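A short worksheet on the structure shown next.
The values are calculated or read from the model by the stated rules, or taken from the named source; none is laboratory data. What you see is a predicted model; the values in this text were computed from it and never measured. Glycine also receives a Cβ, built like all others from the backbone with ideal geometry; neighbour counts cover every protein chain displayed. Remember, those area values only see protein heavy atoms, side chains included, never the ligands or the DNA or RNA. Shrake-Rupley method; radii C 1.70, N 1.55, O 1.52, S 1.80 Å.
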Amino acid sequence: QVQLVESGGGLVQAGDSLRLSCAASGRTFSSYVMGWFRQAPGKEREFVAAIARNGGGTFYADSVKGRFTISRDNAKNTVYLQMNSLKPEDTGVYYCAARVGNLLVTDNRYDYWGQGTQVTVSS
């Protein structure tokens, strides 16, 4: 069992940056693939980024590639999402998720989810 708590969301203007953090409980953080998802009002939750257990591999949605960077610090049980050049269409609730195993997946096949943090980008 792992609990995930996101932080770092807020209201920013287009072009600004934000860094989201997701702190995980437990001593087995390094055994999980970690992912970030987001859900805009009236839309389904969508994949944003994922990172391998040792941080050696990452994968991004096309919509954020080149602007967002996912990273992790296994010593701190934390995964990050650095978001640069934010756009109004990046607005939504951002969730982190943990998945047992090695495979980076882009769908909902994650085992644990956080409560989410709101990101609002004004134009």
Efficiency of FRET between Gln13 and Ser71 - r from beta-carbon atoms, R0 25 angstrom, step 0.05: 0.55
Full-extension gain in nm, Asn54 to Glu89, via 0.36 nm per residue minus C-alpha separation: 9.5 nm
Solvent exposure, largest accessible area first (probe 1.4 Å, DNA, RNA and ligands not counted), of Arg53, Arg38: Arg53, Arg38
The stretch 4-15 - phi-based ³J(HN,Hα) in whole Hz, Karplus 6.51/-1.76/1.60, Gly and Pro as x: 10, 10, 8, 7, x, x, x, 9, 9, 9, 4, x
Accessible-area ranking of Leu104, Leu18, largest first, probe 1.4 Å: Leu104, Leu18
Mean projected area (nm²) of the alpha-carbon convex hull when the chain is viewed from all directions: 6.7 nm²
Estimated Rh, the stretch 73-123: Kirkwood, alpha-carbon pairs, angstrom: 13.0 Å
Relative contact order %, the chain, counting alpha carbon pairs below 8 Å whose residues are six or more apart: 36 percent
